[in-house]
Amino acid sequence: MTLRLPAAGGGFRTYVPRTEPARFLTDADGTGRGTDPAGTRRPPLASRTVFSAAHVVADPYADISPDAPAAVDWDATLAFRRHLWSHGLGVAEAMDTAQRGMGLDWAGAAELIRRSAAEAKTVGGRIACGVGTDQLTPGAHSLDDVRRAYEEQLALVEETGSQAILMASRALAAAADGPEDYLGLYAHLLRQASEPVVLHWLGPMFDPALDGYWGGTDLDAATETFLQVISEHPDKVDGIKISLLDARREVELRRRLPQGVRCYTGDDFNYPELIAGDERGFSHALLGIFDPLGPLAAQAVRALDTGDVLGFRELLDPTVELSRHLFQTPTRFYKTGVVFLAWLAGHQSHFTMVGGLQSARSLPHLARAYELADGLGLFPDPAVAEARTASLLSVYGVDQ
């Protein structure tokens with residue numbers, strides 16, 4: 001069968017779908033669930049610490065409006081996390097991939113953290129959870145308000161036994177007058193943290209409200225402030241998560257980190273080279289693109305575990321075109337493509353998102369995402385992905 005796919009520039013093109021999944025999805029039981037021939041879970045990855053920032057699955061039957069609190073399908077959401085853990089990946093929970101501030105409010109995020117942390121304990125999965133300030137209402141807030149909001153979320157994450165990721169805060173970006181306010185607030189939070197945390201620097205391409213984070217729009221000056229926070233509290237910083245889509249800046253920053261502080265790349269454009277590293281070091285990973293790439297990413301890092309850098313790059317380099325497509329401007333809507341691919345891969349029964357965000361990308365964009373993912377062999381059952389793509393095209397009036 002062939003599909004007529006709409007092209008970004010207008011018109012249609014003919015695409016012949018795959019008929020078999022890629023080899024990395026074929027386990028002994030034929031399911032791609034991350035099991036070895038004995039039916040046990042694969043061990044954690046060894047040479048790199050790798051987190052997938054995971055999406056949430058909406059309840060498609062909830063009678064709610066887009067601006068109402070999110071209705072989450074908890075069974076499907078937790079099943080997807082078990083899928084990631086089964087391949088040896090860690091889960092970065094309640095991050096921007098889970099639509100924090102774009103459909104998922106703090107009450108929903110708190111419930112997500114509690115449920116995922118409990119599930120992680122049950123299956124022995126690694127988990128780190130986002131700590132932010134999104135319980136604050138829109139509008140102006142004082143630095144004390146921001147501090148208390150961070151403290152509330154940090155306490156909840158630590159109560160669940162999860163590692164904390166101190167996320168960039170819209171409220172802090174609005175309230176801070178300069179670098180000193182960031183230095184003071186982060187110093188307070190790090191002193192309070194019971195275990196080392198991950199510091200998160202999310203660029204404005206992911207969230208325009210974070211423009212000027214760390215005290216100004218000069219990235220060189222912001223980098224110095226960021227490094228000062230770390231250097232003053234290295235025992236409380238497990239690592240940093242950089243999402244600036246700038247490989248050169250990440251490498252330069254990585255080389256200046258205190259010994260023992262890890263760099264987790266959040267660069268969804270340049271991740272293969274950053275994870276592979278060079279003679280002076282490498283990045284670990286905390287990536288939204290590893291939501292749809294989970295099994296493939298795990299296999300690639302297992303190649304690194306054996307010292308096979310070439311094999312790692314041969315697996316992961318071809319995925320960059322898909323990632324750059326999903327994260328194209330406006331980058332913050334990459335979640336739509338992530339959830340779309342989860343539906344095509346059979347991880348959920350529908351293409352519905354919290355906040356109605358399934359409408360945030362065009363049909364040509366989604367068609368190209370399908371084509372690129374299918375070409376990589378990402379779908380455990382290519383026939384299901386083809387049929388679901390055809391059904392979406394039909395809804396939009398595209399005859400096959």
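Quick check: is even one residue across region 346-353 outside any loop (DSSP other than H, G, I, E, B), open to solvent by 10 Å² or more (accessible area, probe 1.4 Å) and not charged (D, E, K, R)?
So far as region 346-353 goes, no, none of its residues is outside any loop (DSSP other than H, G, I, E, B), open to solvent by 10 Å² or more (accessible area, probe 1.4 Å) and not charged (D, E, K, R).
Test Gln153 against the stated conditions and say whether it is open to solvent by less than 10 Å² (accessible area, probe 1.4 Å) and modelled with pLDDT of 95 or more.
yes
Is it fair to say Leu286 is out of contact with any Leu (no Cβ under 9 Å at 6 or more places or on another chain), assigned to a strand (DSSP E or B) and under 25 Å from Trp85 (Cβ atoms)?
It is true that Leu286 is out of contact with any Leu (no Cβ under 9 Å at 6 or more places or on another chain), assigned to a strand (DSSP E or B) and under 25 Å from Trp85 (Cβ atoms).
Can you tell me which condition Trp343 does not meet? The list is (1) crowded, with 19+ Cβ neighbours inside 10 Å; (2) over 24 Å from Ala68 (Cα atoms), and all the others hold.
Only one criterion is unmet by Trp343, namely (2).
Out of Arg249, Arg313, Arg256, Arg262, report the one residue that is in contact with a Gly (Cβ under 9 Å, 6 or more places away or on another chain) and of a type in the set (Lys, Arg).
Arg262
Identify the single condition in (1) closer than 22 Å to Arg248 by Cα; (2) in contact with a Phe, Trp or Tyr (Cβ under 6 Å, 6 or more places away or on another chain); (3) among the polar types (S, T, N, Q) that Thr329 does not satisfy, given that it satisfies every other one.
Thr329 satisfies all of (1) closer than 22 Å to Arg248 by Cα; (2) in contact with a Phe, Trp or Tyr (Cβ under 6 Å, 6 or more places away or on another chain); (3) among the polar types (S, T, N, Q) except (2).
Each row is one residue, and each column tells you yes or no for (1) under 15 Å from Leu286 (Cβ atoms); (2) of a type in the set (Ser, Thr, Tyr); (3) part of a loop (DSSP other than H, G, I, E, B); (4) at pLDDT 95 or above.
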| residue | (1), (2), (3), (4) |
| --- | --- |
| Ala46 | no, no, yes, yes |
| Ala62 | no, no, yes, yes |
| Asp67 | no, no, yes, no |
| Leu78 | no, no, no, yes |
| Leu84 | yes, no, no, yes |
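His55 versus (1) within 29 Å of Pro208 (Cβ to Cβ); (2) out of contact with any Ser or Thr (no Cβ under 9 Å at 6 or more places or on another chain); (3) in a loop (DSSP other than H, G, I, E, B): which is the lone unmet condition?
Unmet condition: (2).
Would you please name the residue that is surrounded by the most Cβ atoms within 10 Å (Cβ to Cβ), looking only at residues in region 156-177 that are farther than 30 Å from Lys121 by Cα and in contact with a Ser or Thr (Cβ under 8 Å, 6 or more places away or on another chain)? Outline the logic, then answer.
Let us first name the residues in region 156-177 that are farther than 30 Å from Lys121 by Cα, namely 170-177.
Going one step further and asking which of them are in contact with a Ser or Thr (Cβ under 8 Å, 6 or more places away or on another chain), we end up with 170-172, 175.
Working: Arg170: 21, Ala171: 24, Leu172: 26, Ala175: 20.
Among those that are farther than 30 Å from Lys121 by Cα and in contact with a Ser or Thr (Cβ under 8 Å, 6 or more places away or on another chain), it is Leu172.
Looking only at region 376-389, which residues are in a helix (DSSP H, G or I), open to solvent by less than 20 Å² (accessible area, probe 1.4 Å) and of a type outside the set (Val, Ile, Thr)?
Across region 376-389, the qualifying residues are Pro382, Ala385.
State whether the residues of region 120-138 include one that is at pLDDT below 95, in a loop (DSSP other than H, G, I, E, B) and within 25 Å of Trp201 (Cα to Cα).
The answer is yes; a qualifying residue exists.
Mind counting the residues in region 237-282 that are open to solvent by 40 Å² or more (accessible area, probe 1.4 Å) and among the small types (Gly, Ala, Ser)?
So the count comes out to 1.
Kindly indicate the residue of region 1-44 that is of a type in the set (S, T, N, Q) and part of a loop (DSSP other than H, G, I, E, B) and also modelled with the lowest pLDDT among those meeting that condition.
Step by step, filter region 1-44, then rank; the result is Thr31.
The values are calculated or read from the model by the stated rules, or taken from the named source; none is laboratory data. None of the values given here were measured: they were computed from a predicted structure. Ideal geometry is used to build each Cβ from the backbone, glycine not excepted, and the neighbour counts take in all protein chains shown. These area figures cover heavy atoms from the full protein model, side chains too; ligands, DNA and RNA do not enter into them. Shrake-Rupley method; radii C 1.70, N 1.55, O 1.52, S 1.80 Å.
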